Each structure stands twice: as structure tokens, then as C-alpha cells.
Amino acid sequence: MILGASILQLPAIQKAKEMGLEVIAVDMDRNAVGFKQADICLPISTIDIPGVVAAAKEYKVKGVMTLASDMPMRTVAAVAKECGLVGIDMDTAQKATNKAIMRQCLKEHGVPIPHFCKVTSEREYYSAIKEFDGRFIVKPADNSGSRGVYLVESGNDSTQVNMAFVHSKAYSRSGDIVVEEFMEGPEVSVETLSLDGKVHVVQITDKLTTGAPFFVEMGHSQPTQLSAAVAKDIRRVATMAVEAIGIKDGPSHTEIKVTNEGAKIVELGARLGGDCITTHLVPLSTGVDMVKCCILIALGENVDIAQKYTKGAAVRYFYSHAGELRGITGVKAAESEPGIKQVSIVKNIGDILTNIESSTDRAGFVIAQADNAKEAVAAAERGRSLISLDIC
């Protein structure tokens, strides 16, 4: 059973089918792209825990997972418990899907994190921001994909302060938001697999974002180009975080900022990373098929996590602005560029685009592979530069 049948979960559905498994896809969107390839399609919300558990029992599922989405993690935990399957427990699911609970857990385990405050009301918010001297981040406690993230340059700027609260609050399902110090430094993510309680770091990913105020991710590359000493610290902190949250068997996607004080946790997901990181870049840079590994872990079977080779891989997303998408040119030229592995357009002609404020606003991407990360980035950027979006 795979929770979610969007473009994000499609690689898992395809991989499971390739492995000869019968796939049950769950998604409230009856037109979800993954339904075209799944064996059984259930139009149920992935956060409808009773409904999904009942379906899992009815179909006697042998494994359950999701990919690139935090929303279904508590449902994954419930199905695993009720059906006696391998998976995270509900305590871990809560820690991995609520940034306030996560921060508190990491703090209690001595994992390096930024100073933070959890607030619900406007009164609590205005009281909390007094604890921050410089810039600070405001984000919903329970969302992902850069949704609702806002940088406030100064607590004295009442316009920004008000806008940040309203923006983040709008994306919070629980009503809780997190205010935390802004961390200066490069941002990376760490892709791990835990087996029998042991954390294995598969790859470290360098990130490129839009910067303030929304910090939407516009590119990723592997392996990290940071120094060996910094990479060692990143692995150490990521491992501490995964162990603190309690992931015993399964994946984690941990986001980290490398500050002057060392690596600090931005946040952690108890699932495979999205943005093509684990579905495309990790296999291209290491030869490790993380999607297949996660399916096998969910089924309680042995997995091969040994790195097969070391290459460079990168993805670059298209920059765009608000308006109607009238046309797209240059795709064929980009696809013919050396090193380009994939060009994907995720918006349709006639769609109304918005300015990029979250990952769902991006129109497409280019993926490249080369001998090293620097060359892979250059190839992906060459490919992207050949594609033009006509937006009016």
C-alpha cells in the first residue's frame, strides 16, 4: 500500500510494479496520476487514519509506505501498528511531522538546533519575537515543501512581522507556528536508511534556494561539495537526529544548515526526500535505489545499501513569474545536451502560474549526471538555460 498517488509517489508505484508487487494506491484525488498504474485505487484521504487502516486490513497488505510527503506519516504508523508491519510508531510519526514537537525532542537529546519558540495565538507570537535580536524564521508547525515559511529581517519591521504571522498561520493545519533564529550558512539534506536501529547515511545533498523570504528549493546536487570535515559533522548530527526521533527501520530526509557553530538541524522527515533527490539523484550519484530499499524494508525483507559508484548528479528547477503559461520551447534541445538525463514540465499550457512561494509553484526541472557534482550542476544549468517559458 502506497499512501499518495501524485507525481511525488509515482516512482514508488512504478518501482513496486517493476518488482512484481500488487500495488494499492491511496489518494483523495480520483484523477491522481498514480492511479493509472496502480492495481487497486482507493479514493481515500491519506490522513483518514480509520479509513486507510480499514482498507489495509481488508486487502491484507504486506507493507505500507509513502514518499516525499509528511502528511501521511501518521497514517503509515497506524497501518503498521494495526497490521503488524514494519514501520515507524505513532510517537515517531508525531515527532517527525510537527516541527514544534520535533524541536523539543531534539533539544532534549542534545541535538544541535536553532533557538525556537512554539506559538499559537497572535499574543504569544508578539511576545516570542522579543527573544530574537536579529533575523528570524516563521513557519507552520505542520507543513512541508517550503509552504508558509517566511523570513523576518527585523522584529522592528511591523509590516514584515505581521505578514510573516498571517502567511505561516494560513498554512498551519493545527494553528501552531514555530518562530526560530535564522541560521546563516550552506544548507544540505542528508538521505539515510535505518536498519535494525542502525542509521546508514547514503548521501549528502547540497541545496540551492530562492533565499528570503520564502526559501523555495530551486536545485539540488550530489555529492556535497563541502569539505570532508564538514561532511563528517553533517553525518554525525543527522545520525543523532534520526536516533532521537526514533526511526528504527526506514528512511529519513534530514535538512541541515552548516553554521559557524557547526551543523544544526532545520527539520527532519521520516520518509524519502522529494524534489527528485532520492528517486533520481541518489541512484545517479551512488547506484543505490532508495525507493526499492524502502519497499523491501516495508515488506520486512533484506536490502542492499552498498554504494555502487561515485558520480555527480544535479537537478535545477525553472524560474518563473506570475502569469498565463502560453508556450514552452527548447525542450528537445535541452534533452540532447550531454549529461542530461531528464527534462520534465509539470505545468500545462494555459495554466495560470504564480510567483514562486512554495515548491508547488515551480513549472519544471532538468536532471543531469556527470563525473562529479560541479560538472553535473553545470550540465543541468546548461539544459535549463535552453528552455524558455512564454508567460504573459
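Of all aspartates and glutamates in the structure, those lying under 16 Å Cα to Cα from Lys130, and not within fewer than 8 positions of it along the same chain, are Glu122, Glu153, Asp157, Glu180, Glu181. For segment 281-313 and segment 193-266, write down the distance between their C-alpha centroids in whole Å. Their Cα centres are 17 Å away from one another. Considering only Glu191, Glu261, Glu122, the mean-square fluctuation computed in a Gaussian network model of the chain, springs between alpha carbons under 10 angstrom, is largest for Glu261.
You can think of it this way: the chain between Tyr126 and Glu58 has 19.6 nm of extra reach, that is 0.36 nm per residue less the Cα-Cα gap. In this rough spin-label picture, where each label sits 7 Å from Cα along the Cβ direction, the Asp29-Asn348 distance is 1.2 nm.
Once you reduce segment 1-64 and segment 91-144 to the center of their Cα atoms, the two points are 32 Å from each other.
Considering helices alone, the calculated mean residue ellipticity of the chain at 222 nm is -9000 deg cm²/dmol, with DSSP H runs of length four and up weighted by -39500 (n - 2.57) and normalised per residue. Protection proxy ranking, highest mean first, for peptides 178-184, 128-134: 178-184, 128-134, where packing is the per-residue count of other beta-carbon atoms within 10 Å, averaged.
Excluding same-chain neighbours fewer than eight residues apart, the aspartates and glutamates reachable from Lys311 by a Cα-Cα span under 20 Å are Glu191, Asp206, Asp275, Asp289, Glu335, Glu337, Asp371, Glu375, Glu381.
Between Cys392 and Gln14, residue separation times 0.36 nm minus the direct Cα-Cα distance comes to 132.5 nm. Could you tell me whether the chain comes out rounded, prolate or oblate from its Cα gyration tensor? Rule is a ≥ b ≥ c as square roots of the eigenvalues, rounded for a/c under 1.5, then prolate if a/b exceeds b/c, otherwise oblate. It is rounded, given that a/c, with a ≥ b ≥ c, falls under 1.5.
Of the residues Asp351, Asp27, the one with the fewest other Cβ atoms within 10 Å heads the list, and the complete ranking is Asp351, Asp27. Couplings 3J(HN,Hα) of segment 132-145, computed from phi: 10, 7, x, 6, 9, 9, 10, 8, x, 6, 9, 9, 8, x Hz, in residue order, whole Hz [Karplus 6.51 cos²θ - 1.76 cosθ + 1.60, θ = phi - 60°; x for Gly and Pro]. A simple spin-label model places the labels of Ala322 and Asn355 0.7 nm from each other, with each point 7 Å out along Cα-to-Cβ. A simple charge model with +1 on the Cβ of Lys and Arg, -1 on the Cβ of Asp and Glu and nothing else charged puts the dipole of segment 264-392 at about 200 debye relative to its Cα centre. Using the Cβ-Cβ distance between Thr209 and Glu301 with R0 = 41 Å, the FRET efficiency computed as 1/(1 + (r/R0)^6) comes to roughly 0.65.
Return the single residue from Lys60, Lys341, Lys17 with maximal mean-square fluctuation; model: Gaussian network over the chain, springs between Cα atoms under 10 Å. Top of the fluctuation ranking is Lys60. Remark: for residue pairs Lys99/Lys292; Lys107/Lys248; Lys198/Lys341; Lys99/Lys264, the C-alpha separation exceeds 23 Å in Lys99/Lys292; Lys198/Lys341. What residue among Arg123, Arg135, Arg173 shows peak mean-square fluctuation when the chain is described by a Gaussian network model with Cα springs under 10 Å? Highest fluctuation among the options: Arg123.
Under a 5 Å amide H cut-off, with hydrogens placed 1.01 Å from N, Leu353 pairs with Gly323, Glu324, Leu325 among residues at least 5 apart or on other chains.
Annotation: amide H-H contacts under 5 Å for Met218 (H modelled 1.01 Å from N, sequence separation of 5 or more, or interchain): Leu208, Thr209, Thr210.
Extension gain, Lys308 to His109, is 68.3 nm, computed as 0.36 nm per intervening residue step minus the present C-alpha separation. Label sites at Lys36 and Asn162, each approximated as a point 7 angstrom past Cα along Cα to Cβ, lie 4.7 nm apart. Once backbone amide H atoms are built at 1.01 Å from N, Ile328 has Asp390 as its partners under 5 Å, excluding neighbours fewer than 5 places away on the same chain.
Only the coordinates and a few stated rules stand behind these numbers; no lab work does. Predicted, not measured: the structure shown is a model, and the values here were computed from it. Using ideal geometry, Cβ is built from the backbone for each residue, glycine included, and neighbour counts are taken over all protein chains shown.
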